[in-house]
Structure formats: structure tokens, C-alpha cells
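Encoded as C-alpha cells, the structure appears first; notes follow it.
The values are calculated or read from the model by the stated rules, or taken from the named source; none is laboratory data. Keep in mind that what you see is a predicted model, and the values were worked out from it rather than measured. Glycine gets a Cβ as well: all are built from the backbone with ideal geometry, and neighbour counts include every protein chain shown.
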Amino acid sequence: MNDIKERLLAVKSQIVKAAQRCSRNPDEITLVAVSKKKSADTVIDAIKSGVDILGENYIQEAVDKIEAINQNYFAKHENNEKKIGINRDVIWHFIGHLQSNKAKVAVKYFDLIHTVDSLKLAREINRQAEKIGKIQNILIQINISEEETKSGVDADNTIELASSIANLKFISLRGLMGMPPFFDEPERARPYFRRIAQIRDAIKNNNIDGISMEHLSMGMSGDFEVAIEEGATMVRIGTSIFGSRA
């Protein structure tokens with residue numbers, strides 16, 4: 001068993017245990033393997049190990065990697081004579097800060113964009129999606145930690161942004177994403193995860209037509225178990241699967 005597969009199985013086991021602790025169905029929780037700064041070869045190893053959803057933070061790095069994997073990487077037969085393409089669909093999520101001038105590329109390559117934080121960005125995504133006849137799935141990113149170094153809409157403005165996005169025909173708003181401050185103790189992140197879930201519930205209670213609040217993207221390698229206990233439906237795990245980054 002290779003290192004990635006071993007770590008992946010360990011993370012999946014932790015997800016199951018965390019879900020069971022709070023009487024949730026583990027199947028409700030989606031694992032997004034964060035592959036930023038990892039080579040296409042390493043990502044291929046992860047796909048072979050069972051990863052089927054990958055998260056990337058940087059547009060150009062992601063495009064180069066996706067193109068390389070789609071065009072140039074193959075699994076070989078033992079006799080090394082015949083090459084076979086990877087016969088399994090891989091879904092790509094964009095989880096980094098997205099500038100409006102990169103929306104066209106994001107719409108082309110990504111099934112879900114986690115990091116929409118303004119109506120300006122949403123409108124540009126909508127415009128680019130219309131051009132190719134796509135309904136682009138998105139999440140609103142909340143700056144739940146209120147840190148200047150982090151992107152995201154202010155918590156108090158989230159409902160207003162969701163209401164505005166609901167009018168965009170080529171966007172499907174599926175939920176919220178957020179990151180607490182970094183803590184050595186995962187338990188300290190719990191109030192931030194709980195607040196994101198409360199905002200999600202408030203948006204639901206507004207009964208805004210044309211949006212869905214089914215997803216909460218929250219929790220990373222150091223705190224995803226607490227995030228699951230507070231309602232996360234997507235966890236973004238990098239280090240615990242791929243190991244440390246250079």
C-alpha cells in the first residue's frame with residue numbers, strides 16, 4: 001500500500017467516526033483532496049488510490065495540472081507495451097481566492113467554485129457560464145474569522161449576497177464555505193463552524209427562490225472532525241492525504 005492510499009484510508013476512517021459520534025450518515029460528507037503544490041504524478045497516485053474529488057487553489061497551476069493529467073498520464077500494463085487512460089471521472093473544485101478576470105477559466109475547468117465573495121465576481125461567473133451554456137455550481141465564502149488576510153463576504157452581508165445571486169440564471173448557489181482562524185487546538189474552531197451553520201440556516205429560513213443551502217464546506221486537516229460535528233458536508237483535506245508541502 002502506498003503512502004497516499006494509507007493516509008487516504010485513515011482520513012476516510014476519521015470521517016466515518018466523526019459522523020457516527022454526532023449521529024450523522026458518513027455518506028453525507030464529501031472529501032475534497034487538496035492537491036495544491038503537488039505534481040501531476042502525485043495527483044495520479046491519489047486518483048489511483050481512490051481520490052475522486054480534487055481541490056486546487058491557484059488557477060494556472062490547476063489548469064496545467066488538469067491538462068497534463070487529461071492528456072499525458074497513463075496507467076501501464078505490466079508488460080509496459082499497452083497504455084490505458086485513467087477510466088474514472090475526476091471532479092475538480094476551486095477552493096482558492098478567485099479574481100473576476102480568471103472567472104472564464106474557472107468556469108471552464110471546475111465543477112464547483114467554493115470562494116465566491118462578491119456580487120461582482122458572481123456576475124462575471126454567470127456571464128462566462130452563459131457563454132458556454134453551463135450552470136456553474138458555487139458556494140459563498142464567508143470571512144467568518146474577520147481576518148484582513150482572508151477573503152470572504154462579511155457574515156452580516158451574506159444573506160443579502162445570496163439574495164442577489166439568486167437572480168443569476170447561470171449560477172446555482174449550493175451553500176457556504178468558511179475558514180476559522182488557525183488554532184493548535186481544533187476545539188477552538190468550533191464556534192466559527194457553528195456560526196457558519198447558523199448563517200446557512202438563516203438563509204434557508206428566508207426561503208429565497210433559486211438557491212440551495214445543502215452544503216457547508218468547512219474543516220481542513222487539523223480540524224475537520226470538529227467541522228463534521230458542526231454540520232460540514234464537505235471537508236478540504238490536503239496535508240493529511242498528501243503529506244506536507246514544500
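When ILE135 is tested against the conditions (1) β-branched (Val, Ile, Thr); (2) under 16 Å from the mean Cα position of the chain (by Cα); (3) loosely packed, with under 14 Cβ neighbours inside 10 Å, the lone failure is (2).
State whether the residues of segment 142-160 include one that is surrounded by 15 or more Cβ atoms within 10 Å (Cβ to Cβ), polar (S, T, N, Q) and at pLDDT below 95. Scanning segment 142-160, I find at least one residue that is surrounded by 15 or more Cβ atoms within 10 Å (Cβ to Cβ), polar (S, T, N, Q) and at pLDDT below 95, so the answer is yes. Of all residues in segment 170-181, at least one satisfies being within 22 Å of the chain's Cα centre (by Cα), farther than 21 Å from THR233 by Cα and not aliphatic (A, V, I, L, M). Taking segment 160-246 and the strands (runs of 3 or more DSSP E) fully enclosed by it, the elements with 2 or more residues that are under 22 Å from ALA122 (Cβ atoms), touching a helix residue (DSSP H, G or I) at 6+ places or on another chain (Cβ under 9 Å) and free of Cβ contacts under 8 Å to residues at least 60 places away in the same chain are at 171-178. Given the residues GLY50, GLY55, which is the only one that is farther than 14 Å from GLY238 by Cβ and in contact with a Lys or Arg (Cβ under 8 Å, 6 or more places away or on another chain)? None of the other options fit; the residue is GLY50. Of the residues contained in segment 197-215, one or more are found to be within 24 Å of VAL51 (Cβ to Cβ) and touching a strand residue (DSSP E or B) at 6+ places or on another chain (Cβ under 8 Å). Residues in segment 28-70 that are of a type in the set (Lys, Arg), assigned to a loop (DSSP other than H, G, I, E, B) and surrounded by fewer than 19 Cβ atoms within 10 Å (Cβ to Cβ): LYS36, LYS37. Residues in segment 1-11 that are buried (at least 16 other Cβ atoms within 10 Å of the Cβ) and either touching a Cys at 6+ places or on another chain (Cβ under 6 Å) or within 18 Å of GLY222 (Cα to Cα) (or both): ILE4, ARG7, LEU8, VAL11.
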